[in-house]
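Participant: Okay, handing you the structure first.
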Amino acid sequence: MSTAERFTHMGGTSIATLLSLEEAQSLAAALDGAKPHDIVAAAIARVGRDHLAAVSSFGAESAALLKIVADVDPQLPVIFLDTGWLFDETLAYRDRLTQLLGLKDVRTIKPNAAQLAARDAEDDLWSRDTDACCTLRKVEPLADALAPFAGWINGRKRFQAATRADIPAVEYDNGRFKFNPLANVTPQEIGQIYRDARIPPHPMVAQGFLSIGCMPCTSRTQPGEDPRAGRWRGQGKVECGIHVAKKPSTP
């Protein structure tokens, strides 16, 4: 049973009829240039709040999206993936932002313990195969967490890296709608959200970490580099796999 078909059997709503590549492209065109708050509101209106979640790393720029989500609907589920390798500062920042922004449903998920024991018993998979480590600790747990949802919201931005330069406001990703409310914002606009709401930055930003993931694979960003240049440095890897969409199959 496909992701789209599954929702028809989860309460009777015809949400499955909305989940198509053509619909996502139409939404993307309609929302091109829209303000982030409007994109989040459109996501809720189009998919339905019971079928929608936000996903956040509570990283360097995460508070901008979380503030927008809290403004539109603080009850919206926010999925936070604790890989087992996160910085203590990130875990503390999650708790601080949750309280500060009034988020009501932050769900911390973790990798499957049995799979960790079978595939990374020594906690050294990151040093041998970063792709396999990301799959085990990020891609698979998030896929499980998103299983009940027809759409999800994330905080990617075009300015972050060349690989993200063309992301639309809405994508069709593995049978779901993926909304990118911050796709077209500038670094200055992100900063303004923080200033207007008096949001504290992630404590590691002041230390030169402009993109913050797992400890073994995160380094400081150097002047003139893309914000994500400090991730998996020297390994020819720019994404963990969460945002690598599968090509839709032909009906």
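Quick grid of which residues meet (1) assigned to a helix (DSSP H, G or I); (2) under 14 Å from the mean Cα position of the chain (by Cα); (3) modelled with pLDDT under 95:
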residue	(1), (2), (3)
D38	yes, no, no
A63	yes, yes, no
P74	no, no, no
G84	no, no, no
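Participant: Let me ask you something else. I'd like the full set of residues that are touching a Lys or Arg at 6+ places or on another chain (Cβ under 8 Å) and under 29 Å from N184 (Cβ atoms), limited to the stretch 54-82.
Facilitator: If the condition is that a residue be touching a Lys or Arg at 6+ places or on another chain (Cβ under 8 Å) and under 29 Å from N184 (Cβ atoms), then F58, E61, D73, P74, Q75, L76, P77, V78, I79, F80, L81 are the ones that fit.
Participant: Moving to a separate point now. Given (1) under 22 Å from R46 (Cα atoms); (2) surrounded by 15 or more Cβ atoms within 10 Å (Cβ to Cβ), identify the lone condition not met by D105.
Facilitator: Of everything listed in (1) under 22 Å from R46 (Cα atoms); (2) surrounded by 15 or more Cβ atoms within 10 Å (Cβ to Cβ), D105 misses just condition (2).
Participant: Let me ask you something else. So which residues in the stretch 204-216 are in contact with a Ser or Thr (Cβ under 9 Å, 6 or more places away or on another chain) and surrounded by fewer than 20 Cβ atoms within 10 Å (Cβ to Cβ)?
Facilitator: M204, G208, P216
Participant: Only one of L116, L136 is surrounded by 20 or more Cβ atoms within 10 Å (Cβ to Cβ), more than 25 Å from Q222 (Cα to Cα) and not charged (D, E, K, R). Can you tell me which?
Facilitator: Step by step, each of L116, L136 is checked, and only L136 is surrounded by 20 or more Cβ atoms within 10 Å (Cβ to Cβ), more than 25 Å from Q222 (Cα to Cα) and not charged (D, E, K, R).
Participant: Now for a separate question. Suppose the filter is farther than 20 Å from V40 by Cβ, in a loop (DSSP other than H, G, I, E, B), in contact with a helix residue (DSSP H, G or I) (Cβ under 9 Å, 6 or more places away or on another chain) and at pLDDT below 90; does G236 pass it?
Facilitator: So G236 fails the test.
Participant: With (1) surrounded by fewer than 19 Cβ atoms within 10 Å (Cβ to Cβ); (2) assigned to a loop (DSSP other than H, G, I, E, B) as the list, and G155 as the residue in question, which single condition is left unmet?
Facilitator: (1)
Participant: Could you check, for the stretch 95-102, whether at least one of its residues is assigned to a helix (DSSP H, G or I), free of Cβ contacts under 8 Å to residues at least 24 places away in the same chain, more than 19 Å from the chain's Cα centre (by Cα) and within 16 Å of V205 (Cβ to Cβ)?
Facilitator: For the stretch 95-102, residues assigned to a helix (DSSP H, G or I), free of Cβ contacts under 8 Å to residues at least 24 places away in the same chain, more than 19 Å from the chain's Cα centre (by Cα) and within 16 Å of V205 (Cβ to Cβ): absent.
Participant: Taking the stretch 220-233, which residues are part of a loop (DSSP other than H, G, I, E, B), closer than 12 Å to F209 by Cβ, touching a helix residue (DSSP H, G or I) at 6+ places or on another chain (Cβ under 6 Å) and not hydroxyl-bearing (S, T, Y)?
Facilitator: Answer for the stretch 220-233, where residues must be part of a loop (DSSP other than H, G, I, E, B), closer than 12 Å to F209 by Cβ, touching a helix residue (DSSP H, G or I) at 6+ places or on another chain (Cβ under 6 Å) and not hydroxyl-bearing (S, T, Y): just R220.
Participant: Another one. Here are D131, D123: which of them is among the acidic types (D, E), assigned to a loop (DSSP other than H, G, I, E, B), surrounded by fewer than 16 Cβ atoms within 10 Å (Cβ to Cβ) and in contact (Cβ under 8 Å) with a residue 12 or more places away in the chain?
Facilitator: D123
Participant: If P181 meets every condition in (1) outside any loop (DSSP other than H, G, I, E, B); (2) at pLDDT 95 or above apart from one, which number is that one?
Facilitator: So the condition that P181 fails would be (1).
Participant: Test each condition in (1) of a type outside the set (F, W, Y); (2) closer than 28 Å to D73 by Cβ; (3) free of Cβ contacts under 8 Å to residues at least 12 places away in the same chain for K178 and report the one that comes out false.
Facilitator: Failing condition for K178: (3).
Participant: Additional query: Could you check, for the stretch 106-120, whether at least one of its residues is touching a helix residue (DSSP H, G or I) at 6+ places or on another chain (Cβ under 7 Å) and β-branched (V, I, T)?
Facilitator: Within the stretch 106-120, one or more residues are touching a helix residue (DSSP H, G or I) at 6+ places or on another chain (Cβ under 7 Å) and β-branched (V, I, T).
Participant: For the stretch 162-195, give me each residue that is within 19 Å of A64 (Cα to Cα) and under 15 Å from the mean Cα position of the chain (by Cα).
Facilitator: Result: R164, I167, P168, A169, V170, K178, F179, N180, P181, L182, A183.
The values are calculated or read from the model by the stated rules, or taken from the named source; none is laboratory data. All values derive from a computational prediction rather than experimental measurement. Cβ: placed from backbone, ideal geometry, glycine included. Neighbour counts: every protein chain shown.
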